[in-house]
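See structure below.
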Number of protein chains: 2
Amino acid sequence: MTKPLPTAPADLDHFDLAILDILQKDNATPQRVIGEAVHLSAPAVQRRIKRMEESGVIEANVAVLDPARLGQPITILVEVEVESERIDLIDAAKRSFAAAPEVQQCYYVTGEADFMLVIIVASMAAYEGLTRRLFFANHNVKRFRTVVVMDRVKTSLAIPLT
Amino acid sequence: MTKPLPTAPADLDHFDLAILDILQKDNATPQRVIGEAVHLSAPAVQRRIKRMEESGVIEANVAVLDPARLGQPITILVEVEVESERIDLIDAAKRSFAAAPEVQQCYYVTGEADFMLVIIVASMAAYEGLTRRLFFANHNVKRFRTVVVMDRVKTSLAIPLT
DNA sequence: GCGTGCCGCGCAAGTTTGTTGCATAAAGGG
DNA sequence: CCCTTTATGCAACAAACTTGCGCGGCACGC
């Protein structure tokens, strides 16, 4: 009984939480520095990080880039409503949205709309092309509402670790 | 004239783009491995990464965590409409939303609503408390619509680097 | 057309960081 | 009460990052 299911909440103590809070702000922080911050030796920190990576608590280690500097200055939010809620059609839509690199995020939601997308594009022309491929080509898309982002006030994947 | 404004698009060649594409998937990739992938030596890769970090093309290096494993299994999207569009009140709202750790993302948008928020909470009770602090306590918030996420189909900050 | 200066490269050495073996101490179960 | 398990720190080791240096390509100007 010592092995909980992979989806079950892992048993993390306050050391782990402190380490995670540092890593989700800056994962280039040396283990020695983390160790000093949480009052643990560097090897102890290293072993905890490795365990959390293997258990999936840490999903990935990534660099966050500035879209404007990379010629993709436009962020767009899209609410998508589907025709049929048949599960296979919903799953197909999920796969379709997830596979598009311009779709940064995709949420399947309750309420009037069925999906909420966050999209990054270089131009409105590029977005128009994307709507053809993603929405007009999918006969199960009944309606979609486009909202243009004026200011990316806050964009992170950080989780509140109280 | 060699120093463009910080917001101006940096001059990135295909080496830089290839490096960034690797880093935004896994920034723990050794520079030696990156070098082999892009046909460059490790020091060359290192100097390019450093330059892109200093210029701000790389905004941050972070670990992505699994919210469910951390006792925060609920993702909520909120559309917020404000009473007055006075710029000082809008800015105050931006600061207020950005300061809340439960608010993972905040976009200032066109259209009916004024803000779109992505929120991570442990429970609906916690969300109820957050609405009090964030929306009901702010007299400029006219209306907010809560949408509950059933499936986080795709959640990343990756930018399409074609 | 030919020098000259500027960049960015690769190589190699030096430095920091990450990793592993080992002995010890605290915690839980038989 | 002892034994197993688990996590720790220290020290040695391995790997990665970082820097100095000389070389070659490219653009500019003569």
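With open to solvent by 40 Å² or more (accessible area, probe 1.4 Å), in contact with a Pro (Cβ under 7 Å, 6 or more places away or on another chain) and at pLDDT 95 or above as the only criterion, which of A:Pro30, A:Pro73 stands out?
Residue meeting the stated conditions: A:Pro73.
Quick one: is B:Pro101 at the interface with another protein chain (Cβ under 7 Å from one of its Cβ atoms) and modelled with pLDDT under 95?
no
Of the conditions (1) of a type in the set (A, V, I, L, M, F, W, C); (2) modelled with pLDDT under 95; (3) open to solvent by 50 Å² or more (accessible area, probe 1.4 Å); (4) touching a helix residue (DSSP H, G or I) at 6+ places or on another chain (Cβ under 7 Å), A:Ala37 clears all except one; give me its number.
Here A:Ala37 clears every test but (2).
Quick check on A:Lys142: is it open to solvent by 40 Å² or more (accessible area, probe 1.4 Å) and not in a helix (DSSP H, G or I)?
For A:Lys142, the condition - open to solvent by 40 Å² or more (accessible area, probe 1.4 Å) and not in a helix (DSSP H, G or I) - is met.
Any residue at all in segment A:126-138 that's within 15 Å of B:Pro160 (Cα to Cα) and surrounded by 21 or more Cβ atoms within 10 Å (Cβ to Cβ)?
No, the conditions are met nowhere in segment A:126-138.
How many residues, within segment A:126-162, are more than 8 Å from chain B (Cβ to nearest Cβ) and under 20 Å from B:Ala158 (Cβ atoms)?
Of the residues in segment A:126-162, 6 are more than 8 Å from chain B (Cβ to nearest Cβ) and under 20 Å from B:Ala158 (Cβ atoms).
Here is a list of conditions, (1) surrounded by 16 or more Cβ atoms within 10 Å (Cβ to Cβ); (2) closer than 30 Å to A:Ala126 by Cα; (3) out of contact with any Asp or Glu (no Cβ under 9 Å at 6 or more places or on another chain), and A:Val45 meets all of them except one; can you say which number that is?
Of the numbered conditions (1) surrounded by 16 or more Cβ atoms within 10 Å (Cβ to Cβ); (2) closer than 30 Å to A:Ala126 by Cα; (3) out of contact with any Asp or Glu (no Cβ under 9 Å at 6 or more places or on another chain), the odd one out for A:Val45 is (2).
Of the residues that make up segment B:123-131, is at least one within 25 Å of A:Ile74 (Cβ to Cβ), modelled with pLDDT of 95 or more and out of contact with any Cys (no Cβ under 9 Å at 6 or more places or on another chain)?
No, segment B:123-131 has no match at all.
Give the residue, chosen from A:Asp114, A:Asp66, that is surrounded by 13 or more Cβ atoms within 10 Å (Cβ to Cβ), at the interface with chain B (Cβ under 8 Å from one of its Cβ atoms) and of a type in the set (D, E, K, R).
Going through A:Asp114, A:Asp66 in turn, the sole match is A:Asp66.
Look through A:Val82, A:Val109, A:Val103 and report the one residue that is open to solvent by less than 30 Å² (accessible area, probe 1.4 Å) and more than 18 Å from the chain's Cα centre (by Cα).
Sole residue among the options that is open to solvent by less than 30 Å² (accessible area, probe 1.4 Å) and more than 18 Å from the chain's Cα centre (by Cα): A:Val82.
Which pairs have Cβ atoms under 8 Å, sit 6 or more apart or on different chains, and link a residue in segment B:102-127 that is in contact (Cβ under 8 Å) with a residue 40 or more places away in the chain to one that is among the hydroxyl-bearing types (Ser, Thr, Tyr)?
That search, which allows pairs on different chains as well, returns B:Leu117/B:Tyr107; B:Val118/B:Thr75; B:Ile119/B:Thr75; B:Ile119/B:Tyr127; B:Ile120/B:Thr75; B:Val121/B:Tyr127; B:Tyr127/B:Thr146.
Please determine whether any residue of segment B:59-76 is polar (S, T, N, Q), within 30 Å of B:Val121 (Cβ to Cβ) and not assigned by TED's automatic domain parsing to the domain that holds B:Phe115. Break it down stepwise before answering.
Within segment B:59-76, the first condition is being polar (S, T, N, Q), and the residues that meet it are B:61, B:72, B:75.
Right, trim to within 30 Å of B:Val121 (Cβ to Cβ) and you get B:61, B:72, B:75.
Imposing the further condition that a residue be not assigned by TED's automatic domain parsing to the domain that holds B:Phe115 reduces the set to B:61.
The answer is yes, given that some residue of segment B:59-76 is polar (S, T, N, Q), within 30 Å of B:Val121 (Cβ to Cβ) and not assigned by TED's automatic domain parsing to the domain that holds B:Phe115.
If I filter segment B:31-42 for residues that are of a type outside the set (Asp, Glu), in contact with a Lys or Arg (Cβ under 8 Å, 6 or more places away or on another chain) and at the interface with chain A (Cβ under 7 Å from one of its Cβ atoms), do I get at least one hit?
no
The values are calculated or read from the model by the stated rules, or taken from the named source; none is laboratory data. Given the structure is predicted, the values throughout are model-derived calculations rather than measurements. A quick note on method: Cβ atoms are made from the backbone with ideal geometry, for glycine too, and the neighbour counts reach across all protein chains shown. With ligands, DNA and RNA removed, areas are computed over all heavy atoms of the protein, side chains included. Shrake-Rupley method; radii C 1.70, N 1.55, O 1.52, S 1.80 Å.
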